[in-house]
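Below are the structure tokens for one structure; questions will follow.
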Amino acid sequence: MRLEDLKPGARVHGLAGADAAEVVSASWFGEQAVDVVFRIGGRVDQRIVFRADEPSLTLAGAGRAFSFDGDGETLRLTTPSVEVSFWKGQLRIANRLFGRLDGRD
């Protein structure tokens, strides 16, 4: 990986420990070094990374752990089913609490 890949949101192995760190910010010092502020294990840390450190860094993946690029057709097919299941459960709870609410005995 190259120093140019150290951008906010990138997940990088090798900055600190074995876990992947999420880059919060990266400020260049000339062309040979980058001051990297990163988040790892719930804490924020900072390190100056030099060109000589490039071989020890690996890009785990860019961006967040979630995304909104799912298949829309699958969402359209499953949403009504989930909604019906939810309201059936709510009706069951209401029936237990207040007796039958649908008018049948």
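No lab work stands behind these numbers, since they all come straight from the coordinates. Quick caveat, the model's predicted, so the values are computed rather than measured. Cβ: placed from backbone, ideal geometry, glycine included. Neighbour counts: every protein chain shown.
Please report the net charge: other residues with Cβ closer than 12 Å to the Cβ of Arg2, K and R +1, D and E -1.
That sum, taken over residues with Cβ under 12 Å, equals -3.
Can you find, among Gly17, Gly42, Leu3, the residue farthest towards the positive end of the dipole of the stretch 3-61? Put +1 on the C-beta of Lys and Arg, -1 on that of Asp and Glu.
Gly42
Still on this structure, please answer the following. Would you mind ranking Asp19, Asp5 so that the residue whose beta carbon has the fewest other beta carbons within 10 Å leads the list?
Asp19, Asp5
From the backbone phi of the stretch 84-97, what are the Karplus-calculated ³J(HN,Hα) couplings (6.51 cos²θ - 1.76 cosθ + 1.60, θ = phi - 60°) in whole Hz, Gly and Pro given as x?
With the stated coefficients, the stretch 84-97 comes to 4, 4, 4, 5, 4, x, 5, 5, 4, 5, 5, 4, 5, 7 Hz.
Another one. State to the nearest 20 debye the size of the charge dipole of the stretch 3-61 about its Cα centre, where the only charges are +1 on K and R beta carbons and -1 on D and E beta carbons.
Using Cβ point charges on Lys, Arg, Asp and Glu, the stretch 3-61 gives about 180 debye.
What list of ³J(HN,Hα) couplings, whole Hz, do you get for the stretch 27-44 from phi and the Karplus terms 6.51, -1.76, 1.60, once you set θ to phi - 60° and write x for glycine and proline?
10, 7, 10, x, 10, 10, 8, 10, 8, 10, 9, 9, 10, 8, x, x, 10, 9
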